[in-house]
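Just below is one structure, and these are the notes that go with it.
The values are calculated or read from the model by the stated rules, or taken from the named source; none is laboratory data. Just so it is clear, the model here is predicted, and its values are computed rather than measured. With ideal geometry, Cβ positions are generated from the backbone for all residues, glycine too; neighbour counts draw on all protein chains shown.
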């Protein structure tokens, strides 16, 4: 492995915002969890119970200031109707108690990160109260903390859902491709081929790590002794060779059927795969490096010349990974998350610059100097994922 | 493949092997949470589909058809309520009660399912319900969109099992929620299914450390299922007022015990 690059300069403010922007939503939700993980080793939770009385028109007090961390609230319903009491951040419910009957008290315990919140006060038309959660020594200290493994449950689950859905799409499209090939319609088969490749490329970082399947699904003729004539030449590129080089469906039926079977097998493997944050990052790093070291120069889609479409799909999958990991990459891991976001944006902008409308050009039209830029952008991305993987490898258990 | 790529592939696998052995059981929650997200997504698809049919019946002025679709449509919503109600604006817009508004049923701001329920059952009419129906459909679609983009917070998912049982205890055992249609047993079933799903997903993780707990919870779920089954009618459930006092007590006891027991799940799974 090459050493992780050190980020020589702090990314500009705008990038920092972007790095976190898409993930704010997540952060809001995982905030409670994250703080549960980070403040525990700090100050003792506040023992004082914060009392709130909800009247017919307003909360009393209607402005609260509480320290960050675990906090218990006692809500007294002084109004004449059953109420629910909620702590809101934006439109998101952080914690709530439902159906507090008139004259009754209920307690609620919430773990709150510093920031501004609102509380509902009875009728939905009543103005909400304000709550300011102030930083504490513990919450400040958490800024330098190693992120907690717990904070990665949500992003990893979400990535697993993404991979599962893409793998299902791959399985479905591969079955449709096999049908199109069997039907003898060359144009239909070409469309089906491109549609099948997309979900596979989006999850290639993880899916491509099963070496046995990968060597059947996506092997390049270049690596086989007899090239296109080698009996081991199968999978995507064998089909591509028939569809775009030979302009024929001859001999493709079995290949397409096997591709479809391997797609189903891949889905099953991915279902069973245990994911960890550093595994994701290192997988993406390996893929980006493989692209930079080989595919950009030689091209991978030697007959359809649709390499840019592949690159873009690869990037979409890695972008998804980075966007999910970023909010949990706090403390020491923050610079790596920001760097990663910057590299993704750079590569995304570069690939976009080749587009005409929604379409990418034939890869043969991409000149050596342009390929050098793509190569360098993928290399940067590989480095950024590697640094992220190193940071994530230090995540506390 | 060249020797070089074979070597690379082999080293990928080795690395994969070491990373795949997660260092802590905390990450064992990844699979159940992912499975739960897929469950929620399927329920949301069903909710949107059913709400389309339900609101179409309302807008067509077909009171009887709308009434027959009200409870089945709500089933999917009630099953995923711990997640659905994370968005306070949509929760209010879709599922708030007349009590949340100053003029109760007469308040023009009273929206959503229960506003339509009130019209269909109390007024026997779809008068003035067109905009309410349009808004409801737009809201459930917005809900699906927001949840699709949301990485589910594990503590909300695991805690959701208890939340659903508390919801049953607070609003279904009393018949508070569907006060005009008395279709509370349908909602009860939705809440029950949602809680059971969460429990089943994390069950293997808890079973090792506390088999007695798992057995007790499973027993109470079974009691509820058996009791509710007595009230099945066609594809759904009888009116809430057919529930006998004895059965209400049986359900109430099981639900309250479950709510209490399930509230310890978060702690057992290291999420508190």
Can you say whether residue B:178 is closer than 20 Å to residue B:92 by Cβ, modelled with pLDDT under 95 and more than 9 Å from chain A (Cβ to nearest Cβ), as far as the supplied structure shows?
yes
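One line per residue, one yes/no per condition, for (1) surrounded by fewer than 24 Cβ atoms within 10 Å (Cβ to Cβ); (2) in contact with a helix residue (DSSP H, G or I) (Cβ under 6 Å, 6 or more places away or on another chain):
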{"site": "B:168", "(1), (2)": "no, yes"}
{"site": "B:171", "(1), (2)": "yes, no"}
{"site": "B:174", "(1), (2)": "yes, no"}
{"site": "B:177", "(1), (2)": "no, yes"}
{"site": "B:184", "(1), (2)": "no, yes"}
{"site": "B:201", "(1), (2)": "yes, yes"}
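When you look at residue B:96, is it free of Cβ contacts under 8 Å to residues at least 40 places away in the same chain and under 24 Å from the mean Cα position of the chain (by Cα), yes or no? I'd like the intermediate steps shown before the answer.
Numbers: free of Cβ contacts under 8 Å to residues at least 40 places away in the same chain: yes; under 24 Å from the mean Cα position of the chain (by Cα): yes.
In short, yes.
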Output the number of residues of segment B:59-98 satisfying the condition of being on the phi < 0 side of the Ramachandran plot and not in a helix (DSSP H, G or I).
8
By residue number, the members of segment A:89-130 that are closer than 18 Å to residue B:166 by Cα and facing another protein chain (nearest Cβ under 8 Å) are A:93, A:96, A:98, A:99
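Given the residues A:322, A:333, A:337, A:328, which is the only one that is touching a residue at least 60 places away in the same chain (Cβ under 8 Å), in contact with a strand residue (DSSP E or B) (Cβ under 9 Å, 6 or more places away or on another chain) and within 26 Å of residue A:277 (Cβ to Cβ)?
Exactly one of A:322, A:333, A:337, A:328 is touching a residue at least 60 places away in the same chain (Cβ under 8 Å), in contact with a strand residue (DSSP E or B) (Cβ under 9 Å, 6 or more places away or on another chain) and within 26 Å of residue A:277 (Cβ to Cβ), namely A:328.
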Residues in segment B:99-118 that are on the phi < 0 side of the Ramachandran plot and without any contact (Cβ under 8 Å) to a residue 40 or more places away in the chain: how many?
13
Residues of segment B:221-269 being outside any helix (DSSP H, G or I) and crowded, with 16+ Cβ neighbours inside 10 Å, in sequence order, are B:231, B:237, B:238, B:243, B:269
Test for residue B:205: is it within 21 Å of residue B:25 (Cβ to Cβ), at pLDDT 95 or above and part of a helix (DSSP H, G or I):
no
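Do we find that residue A:206 is in contact with a helix residue (DSSP H, G or I) (Cβ under 6 Å, 6 or more places away or on another chain) and within 11 Å of chain B (Cβ to nearest Cβ) in this structure?
Considered against the rule, which asks whether it is in contact with a helix residue (DSSP H, G or I) (Cβ under 6 Å, 6 or more places away or on another chain) and within 11 Å of chain B (Cβ to nearest Cβ), residue A:206 comes out as yes.
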Taking residue A:176 as the residue in question, decide whether it is in contact with a helix residue (DSSP H, G or I) (Cβ under 9 Å, 6 or more places away or on another chain), at pLDDT 90 or above and surrounded by 21 or more Cβ atoms within 10 Å (Cβ to Cβ).
no
Condition met for residue B:19 (within 8 Å of another protein chain (Cβ to nearest Cβ), modelled with pLDDT under 90, in contact with a helix residue (DSSP H, G or I) (Cβ under 7 Å, 6 or more places away or on another chain) and surrounded by 21 or more Cβ atoms within 10 Å (Cβ to Cβ)):
yes
In segment A:87-105, the residues that are at pLDDT below 90 and buried (at least 16 other Cβ atoms within 10 Å of the Cβ):
A:89, A:92, A:93, A:94, A:95, A:96, A:97, A:98, A:99, A:100
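Tell me yes or no: at least one residue of segment A:133-154 is within 14 Å of chain B (Cβ to nearest Cβ) and in a loop (DSSP other than H, G, I, E, B).
As a first pass, look at segment A:133-154 and keep what is within 14 Å of chain B (Cβ to nearest Cβ): A:146-154.
Imposing the further condition that a residue be in a loop (DSSP other than H, G, I, E, B) reduces the set to A:146-147.
Yes, the conditions are met somewhere in segment A:133-154.
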For the subset of segment A:174-189 comprising residues that are over 11 Å from residue A:256 (Cα atoms) and in a helix (DSSP H, G or I), which member is farthest from the other protein chains (Cβ to nearest Cβ)?
A:187
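Just wondering, is there one or more residues in segment A:66-85 that are closer than 22 Å to residue B:147 by Cα, under 38 Å from the mean Cα position of the chain (by Cα) and facing chain B (nearest Cβ under 9 Å)? Full working, then the answer.
Initial filter on segment A:66-85 (closer than 22 Å to residue B:147 by Cα): none.
The answer is no, given that none of the residues of segment A:66-85 is closer than 22 Å to residue B:147 by Cα, under 38 Å from the mean Cα position of the chain (by Cα) and facing chain B (nearest Cβ under 9 Å).
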Please work out which residue is nearest to residue B:262 (Cα to Cα), limiting yourself to segment B:122-166 and to residues that are assigned to a helix (DSSP H, G or I), without any contact (Cβ under 8 Å) to a residue 12 or more places away in the chain and more than 14 Å from chain A (Cβ to nearest Cβ).
B:138
